[in-house]
There are 2 protein chains.
Amino acid sequence: VTTLGHVAIVGAGQVGTMLGTALRSGGAAAGVALFDTDPDALESSLARGAGDVALESADHAVDADVVVLATPIPEIVRLIETFGPRARPGSLLLDTGSAKRVVVRAMRSSVPPGVHAVGGHPMAGTETRGPAGARPEALSGATFVLCPIGDDEAAIAAGRSFVEAVGARPFVMDADEHDRIVAVTSHVPHLLAFALAALAGRVGEARPTADLASTGFRSATRLAASDPSTTAAFLSANADLVLEALDGFGTAMDELVARLDDAEALGDLLAAGGAARARLIAER
Amino acid sequence: VTTLGHVAIVGAGQVGTMLGTALRSGGAAAGVALFDTDPDALESSLARGAGDVALESADHAVDADVVVLATPIPEIVRLIETFGPRARPGSLLLDTGSAKRVVVRAMRSSVPPGVHAVGGHPMAGTETRGPAGARPEALSGATFVLCPIGDDEAAIAAGRSFVEAVGARPFVMDADEHDRIVAVTSHVPHLLAFALAALAGRVGEARPTADLASTGFRSATRLAASDPSTTAAFLSANADLVLEALDGFGTAMDELVARLDDAEALGDLLAAGGAARARLIAER
């Protein structure tokens, strides 16, 4: 059943391609239209089956029943400000950015009543950029956060239908709470990975670092393969809570470093960290 | 051709099991004898094909032509001090610890002339503990560091033969240089992963952190699945150079954090880090 009607996805990168492909294989959309300012990305995304048709401009997205903004964060905010006021009453407006306060704020001020707007964040990304990095199957059972912009129950219900249509698990939460948690689980990890990569690069100018960079280094820096400008955009959008998370991270590091000379005490503390990770992973 | 003669491996955990299995499938050893203080690990390692026979005690390892110490670092040092003086002239004594200065120092003071001793570090570990974590195929083409304890050319030659017999790539380097680099490529990454896991565990006590811990969090904390006491042992053994690497890491982090409010400048810096990682990985 095509419960979602016509869906337009603005942004045919990794996330837009993943969502379009999952939607089309699920069959809940009457049609999926795609737009991207980069014609190569658009073509590649369509070739991967992410859409039935290409839109000539982002403007045409407002005709759809569901509009998904899947661009980097500053562009999401700009699109909400530009197209939000012209969105069709009764339609669903959803985004996919990984920092939600700025998006929800823009939706509150630019989207007229009658349009069902909700912030979204599908937690199923990869580090491969563009359409080639899309893994529609990763959406299966993945958390897809929905952040209400007010008390529009119909917006949340429509958001849930969309999330279920791509095979993910709707998780409704406050934008502030979302941003606070992803600062720890995603944003700080991105910073650590890029800083570690930069340090290894510097050391590598004088020493055979590549030869001693094993699988552990690869996984520890995997997030540093992410698109730099997209990453910079969500880090900047969440700067205050990233700094707060870094405070907590610094405390955790200090506790470990203080025990570097006492392998037994250090081992106990490491065991607690390892157990925390195992618990978090088992809970999902 | 059984060029290595009889090999004894002390420590039937992940590394000992990996080396024993690779040796036996390569056919360069006349036989592989295994020992572990943990009878379950020993049995499981033998069941995985890592040895032809179990040794009754570590004492019996001295009868072999090649003795491999594959235990955590403090135990490697203790074994060198205890059995080193009784090692057979002409035999090869090799270890697998991931901090090499302490090992090379112990070999210098406890191993008599005529015994060919060399520090070793196969860079093909996994985060799954014990024999079950052994991936013998990961040795194929992997860097296997050899750290000379002096100018014993025969020790290096024997070490090379051993490394080639398990399918790895011998990489001869100074223990100090090794410890300096792995502080950056492995030891600091372990600390970061455990600290991040600990922080997420704390945040998770009050907030739905597990739901927002996606693949990025998993890879960023993958090293925190490592055995805590083994990890604590090599971090402690390399504490001074870990602190030095942490200084460099702090500088790299400060540079990123200083640009959190300027997405464009931050993006440029992230791009440089990402490029450094890509270069290091391409060089291997």
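The values are calculated or read from the model by the stated rules, or taken from the named source; none is laboratory data. Bear in mind that the values here come from a model prediction, so they are computed numbers and not experimental data. Cβ sites come from the backbone with ideal geometry, for glycine too, and all protein chains shown count toward neighbours. Please note that ligands, DNA and RNA were not included when accessible areas were found on the heavy atoms of the full protein model with its side chains. Shrake-Rupley method; radii C 1.70, N 1.55, O 1.52, S 1.80 Å.
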Practice problem: Would you check if A:VAL163 is touching a Gly at 6+ places or on another chain (Cβ under 9 Å), more than 7 Å from chain B (Cβ to nearest Cβ), closer than 21 Å to A:ILE149 by Cβ and open to solvent by 30 Å² or more (accessible area, probe 1.4 Å)? | Solution: no
Quiz item: Pairs under 6 Å by beta carbon, first residue within 12 Å of another protein chain (Cβ to nearest Cβ) in segment B:113-129, partner among the charged types (D, E, K, R) and assigned to a loop (DSSP other than H, G, I, E, B), six or more apart or different chains?
Solution: B:THR126/B:ARG135; B:ARG129/B:ASP227
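Is at least one residue of segment A:179-199 facing chain B (nearest Cβ under 8 Å), surrounded by fewer than 19 Cβ atoms within 10 Å (Cβ to Cβ), assigned to a helix (DSSP H, G or I) and over 15 Å from the mean Cα position of the chain (by Cα)?
no
For residues that are over 30 Å from A:ASP261 (Cβ atoms) and surrounded by 15 or more Cβ atoms within 10 Å (Cβ to Cβ), scanning just segment B:251-262, find the one that is farthest from the other protein chains (Cβ to nearest Cβ).
Of everything passing the filter in segment B:251-262, B:ARG259 is farthest from the other protein chains (Cβ to nearest Cβ).
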Quiz item: Of the residues that make up segment B:232-250, is at least one part of a helix (DSSP H, G or I), among the acidic types (Asp, Glu), open to solvent by 10 Å² or more (accessible area, probe 1.4 Å) and at the interface with chain A (Cβ under 7 Å from one of its Cβ atoms)?
Solution: no
Practice problem: Kindly indicate whether any position in segment A:25-41 is in a helix (DSSP H, G or I), in contact with a strand residue (DSSP E or B) (Cβ under 7 Å, 6 or more places away or on another chain) and in contact (Cβ under 8 Å) with a residue 12 or more places away in the chain. | Solution: no
Practice problem: Please find, within segment B:66-121, the residue that is surrounded by the fewest Cβ atoms within 10 Å (Cβ to Cβ) out of those that are out of contact with any Ser or Thr (no Cβ under 9 Å at 6 or more places or on another chain) and hydroxyl-bearing (Ser, Thr, Tyr). | Solution: B:SER109
Exercise. Test each condition in (1) at the interface with chain A (Cβ under 7 Å from one of its Cβ atoms); (2) in contact (Cβ under 8 Å) with a residue 12 or more places away in the chain; (3) surrounded by 19 or more Cβ atoms within 10 Å (Cβ to Cβ) for B:SER214 and report the one that comes out false.
Key: (2)
Quiz item: Which of the following residues is more than 7 Å from chain B (Cβ to nearest Cβ), more than 20 Å from B:GLY216 (Cβ to Cβ) and modelled with pLDDT of 95 or more: A:ALA265, A:ALA271, A:ALA168?
Solution: A:ALA265
Quiz item: From the residues in segment A:130-183 that are hydroxyl-bearing (Ser, Thr, Tyr) and in contact with a helix residue (DSSP H, G or I) (Cβ under 9 Å, 6 or more places away or on another chain), which one is nearest to A:PRO113 (Cα to Cα)?
Solution: A:THR143
Quiz prompt | Scan of segment A:1-19 for residues that are in contact with a Gly (Cβ under 6 Å, 6 or more places away or on another chain) and within 13 Å of A:ASP95 (Cα to Cα), ordered by number | solution = A:ILE9
Exercise. Looking for whichever is open to solvent by 10 Å² or more (accessible area, probe 1.4 Å) and touching a Ser or Thr at 6+ places or on another chain (Cβ under 6 Å) here; the options are A:ALA41, A:ALA30, A:ALA54. Which one fits?
Key: A:ALA30
Exercise. Determine if segment A:254-275 includes at least one residue that is under 25 Å from A:HIS121 (Cβ atoms) and among the charged types (D, E, K, R).
Key: no
Quiz prompt | Residue ID - farthest from A:ILE76 (Cα to Cα), chosen from residues in segment A:217-231 that are in contact with a helix residue (DSSP H, G or I) (Cβ under 6 Å, 6 or more places away or on another chain) and open to solvent by less than 30 Å² (accessible area, probe 1.4 Å) | solution = A:PHE217
Practice problem: Please tell me if B:GLU205 is open to solvent by 50 Å² or more (accessible area, probe 1.4 Å), modelled with pLDDT of 95 or more and more than 7 Å from chain A (Cβ to nearest Cβ). | Solution: no
Practice problem: Write out, first by first residue and then by second, each pair whose Cβ atoms fall under 8 Å of each other, whose residues are 6+ apart or on separate chains, and whose first residue, in segment B:78-107, is within 26 Å of B:ASP240 (Cβ to Cβ) while the second is at pLDDT 95 or above and among the aromatic types (Phe, Trp, Tyr). | Solution: B:LEU94/B:PHE162; B:GLY97/B:PHE234; B:SER98/B:PHE234; B:ALA99/B:PHE234
